[in-house]
Amino acid sequence: MKKFKLREVFWGIALVAAAVFLVLNQLHLLSFHLKVSMIIWTIIFGAALIESVADKSLFGTTFSIAFLLIVYAEPLHITKIVPWTILVAALLIYLGLTLIFKRNWFPKVYFNQKKDGKWKNFSNNRSRIDNNVFSSGTGKVDGEDIVINQRLSSVSRYVHSQNLRSITINSSLGEVEVYLDQAKAAGDVVTVDISGTMGEIEIYVPTSWKVNSDNLNLALGELDINDESTGDGPTLMLTGHFSMGDVEVNYV
């Protein structure tokens, strides 16, 4: 059974369990009594927490716990610090752990010398929205102009285009990995336009490619270019605006 089918089954079981728990609670057949809204939110955020832990999602895990604390603020006697103090604390914890552990927070798996930090099958193309437009998961990409939309998730793309012209990356609160070592440029320049906030973008390019970041504006972030180019290939032109995030270019 594919992973997306398992996810559907998991959420289906969670909803059925919520219905059963709700009925038992309203019939006072349980030794304790909870509000209907509390039961619903507990199932939702509890299931999200389990799924985030399974997917090794630091962001999902942190904020699922934060929302559960908000739901149980009254019995936990923490009503004075909800919701904003809890949410801000969760954001700071997420950002802090991300800075501390960087990519080492998740185990690495290698497929033909390509790493996948999420233990997912990189041939999974279920995240395709339209032609060469992707939003989540891991998969192969072909096409001249590619768009990657990522929000509150992790995205890995293995670009196999033999006539690549441009890549547009829209990233917010998550991680994007783009592998260009199997791609060929349509001309002398491949443009990567980046926009978003609070994320981490990693781009893997052949050693023959050059990198130009003069038109990339990073606000409260940094650009790391690891290793050096041999200088006889096309130019990867980085453009756009990225706030409170990091962009890393690695030669492979």
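The values are calculated or read from the model by the stated rules, or taken from the named source; none is laboratory data. Since we're looking at a predicted model, the values are computed, not measured. A quick note on method: Cβ atoms are made from the backbone with ideal geometry, for glycine too, and the neighbour counts reach across all protein chains shown. Accessible surface areas use protein heavy atoms only, side chains included; no ligands, DNA or RNA. Shrake-Rupley method; radii C 1.70, N 1.55, O 1.52, S 1.80 Å.
A few points about this structure:
- Test result for THR230, among the β-branched types (Val, Ile, Thr), in a loop (DSSP other than H, G, I, E, B) and without any contact (Cβ under 8 Å) to a residue 24 or more places away in the chain: yes
- THR197 vs. criteria closer than 21 Å to TYR94 by Cα and surrounded by fewer than 17 Cβ atoms within 10 Å (Cβ to Cβ): yes
- Set LEU76, LEU97, LEU69: member being out of contact with any Pro (no Cβ under 8 Å at 6 or more places or on another chain) and either outside any helix (DSSP H, G or I) or over 24 Å from ARG151 (Cα atoms) (or both): LEU76
- Residues being at pLDDT below 90 and open to solvent by 60 Å² or more (accessible area, probe 1.4 Å) are entirely absent from region 81-89.
- In the condition set (1) of a type in the set (Lys, Arg); (2) surrounded by fewer than 18 Cβ atoms within 10 Å (Cβ to Cβ); (3) within 21 Å of THR98 (Cβ to Cβ), ARG157 is compliant with all but (2).
- Filter result for VAL53 (part of a helix (DSSP H, G or I), closer than 22 Å to THR98 by Cα and at pLDDT below 85): yes
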